[in-house]
Amino acid sequence: MIALNLSPALPLTDEAFGQLCRSNPDLRLERTAQGKLVAMAPTGGETGLFNTELLGQLWLWNRQTRLGFVFDSSTGFRLPNGAIRTPDLAWVEKTRWQRLSVDQRRRFVPLCPDFVVELKSPSDDLPMLQAKLQEYQDNGAQLGWLIVPETRQVFSYQPGRPVTVLEAPVVLSGSPLLPNFVMDCTGLWS
């Protein structure tokens, strides 16, 4: 992960950032609230496998409940603070998504997801990911999980509560935000 400060020489507007992303489709890019460009390396096979497993579990739960919409790591969310972030996994409650116009849905989504998951890959910096989860929470996320396979830890973020560190949990509960959603974590630790 690398962060480049382009301002004030090159202000990174939503339009300029979008063009940069379209011109570099092989890169995963984010923009911080301060206007810095963040480029992230592609993940390795194990991280991709874990991401798919976690996404599948959330998608299946949502397919059964139809309470919202699930997004993968290629979706950009323009947070209230101006940052454009791409969580590994995101969920938005149905009525919040439906309030968006068709045009808003086609661009970087102009809201903070209700639920986010970041899965640390070996190339990621843990303090940067922790700051990112805090940023989601500060911008309205109701639940966030930072999963760190190499240490077998999950950092759980919820508004008004201190960050909770769970050691090798077998399951994670999304309730009450995600009623009856239980994520099986056993494949992450084996």
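The values are calculated or read from the model by the stated rules, or taken from the named source; none is laboratory data. Since the model is a prediction, treat every value here as computed from it, not as a measurement. As a convention, Cβ positions derive from the backbone with ideal geometry for all residues, glycine included, and neighbour counts pool all protein chains shown.
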> Of all residues in the stretch 121-139 being surrounded by 15 or more Cβ atoms within 10 Å (Cβ to Cβ) and among the charged types (D, E, K, R), which is nearest to the chain's Cα centre (by Cα)?
Replying inline: K132
> Among the residues of the stretch 65-79, how many are in a loop (DSSP other than H, G, I, E, B), without any contact (Cβ under 8 Å) to a residue 60 or more places away in the chain and more than 12 Å from the chain's Cα centre (by Cα)?
Replying inline: 1
> Do any residues in the stretch 163-190 that are touching a residue at least 24 places away in the same chain (Cβ under 8 Å) and closer than 25 Å to G68 by Cα have Cβ atoms under 8 Å from those of residues that are acidic (D, E) and surrounded by 12 or more Cβ atoms within 10 Å (Cβ to Cβ), where the two are at least six apart or on different chains, and which pairs are they?
Replying inline: L177/D114
> If we scan the stretch 80-89, do we find a residue that is part of a helix (DSSP H, G or I), at pLDDT below 95, among the polar types (S, T, N, Q) and surrounded by 19 or more Cβ atoms within 10 Å (Cβ to Cβ)?
Replying inline: no
> Restricting the search to the stretch 149-190, which residues are assigned to a strand (DSSP E or B) and either surrounded by 19 or more Cβ atoms within 10 Å (Cβ to Cβ) or of a type in the set (S, T, Y) (or both)?
Replying inline: V154, F155, S156, Y157, T164, L172, S173, M183
> What residue, of Q137, Q104, is more than 20 Å from C21 (Cα to Cα) and outside any loop (DSSP other than H, G, I, E, B)?
Replying inline: Q137
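Of the residues in the stretch 107-134, how many are assigned to a helix (DSSP H, G or I), touching a residue at least 40 places away in the same chain (Cβ under 8 Å) and within 16 Å of T164 (Cα to Cα)? Talk me through it step by step, then tell me what you get.
Taking the stretch 107-134 and keeping what is assigned to a helix (DSSP H, G or I), we get 126-134.
Filter again for touching a residue at least 40 places away in the same chain (Cβ under 8 Å), leaving 128, 132.
Of the ones still in play, those that are also within 16 Å of T164 (Cα to Cα) are 132.
Looking only at that region, the number is 1.
Residues checked against (1) farther than 15 Å from L129 by Cα; (2) modelled with pLDDT of 75 or more; (3) not in a helix (DSSP H, G or I):
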position: A3; (1), (2), (3): no, no, yes
position: L6; (1), (2), (3): yes, no, yes
position: A9; (1), (2), (3): yes, no, yes
position: Q19; (1), (2), (3): yes, yes, no
position: L29; (1), (2), (3): no, yes, yes
position: G35; (1), (2), (3): yes, yes, yes
position: P42; (1), (2), (3): yes, no, yes
position: N51; (1), (2), (3): yes, yes, no
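Being under 24 Å from G82 (Cβ atoms) and at pLDDT 95 or above is the requirement here; does G174 meet it?
Numbers: under 24 Å from G82 (Cβ atoms): no; at pLDDT 95 or above: yes.
So G174 fails the test.
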